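Novice: Have a look at the structure that comes next, please.
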Amino acid sequence: MQQKLIAFIGGGNMAQAIVLGLLKQGYPADKIIVNDPNEEKRAFFAQYGVAVSTDNDQSITQSQVVLFAVKPHEAYGTGWSQPASDVGEGA
């Protein structure tokens, strides 16, 4: 089975826990991208071989799975442009 490219928008505690769990289970580091404006957070993930970026739009476009790992009040400007109330079933 081919692994999907996963983009994490946000590199805080939630993303760290999920990414490290994926890596521990053998998920390939080259199939994970973490986006965060904070250089220290990007460096943390880079030491594990995970791709890092500050370009949310590019990461969202090239990935098959996108996880928004940001607090709700920080979601504006991350690439999520649709209000939660407008998301339909299966979205």
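Only the coordinates and a few stated rules stand behind these numbers; no lab work does. The model shown is predicted, which means the values in this text are computed figures rather than measured ones. Because the Cβ atoms are built from the backbone with ideal geometry, glycine has one as well, and the counts that use them run over all protein chains shown.
Novice: I need Lys4, Lys41 ordered by Cβ neighbour count within 10 Å, fewest first. List each step's numbers first, then the result.
Specialist: On the way: Lys4 10, Lys41 18.
Exposure proxy ranking, most exposed first: Lys4, Lys41.
Novice: Another question, then. Scan around Phe68 for amide H atoms under 5 Å from its own, H built in the peptide plane at 1.01 Å from N, and keep only partners 5 or more places away or cross-chain.
Specialist: Ile9
Novice: Another question, then. Just add up the charged neighbours of Phe68: K/R +1, D/E -1, any other residue whose Cβ is under 13 Å from the Cβ of Phe68.
Specialist: Every neighbour counted, the sum reads -1.
Novice: Rounded to whole Hz and in sequence order, give me ³J(HN,Hα) for the range 4-21 from the Karplus expression 6.51 cos²θ - 1.76 cosθ + 1.60, θ = phi - 60°, writing x for Gly and Pro.
Specialist: In residue order, the calculated couplings are 7, 7, 10, 10, 9, 9, x, x, x, 4, 5, 4, 4, 5, 5, 4, 5, x Hz.
Novice: Quick query: amide H of Val52 versus all other amide H atoms, modeled in the peptide plane; which residues come in under 5 Å with a sequence gap of 5 or more or a different chain?
Specialist: So Val52 has HN proximity to Val34.
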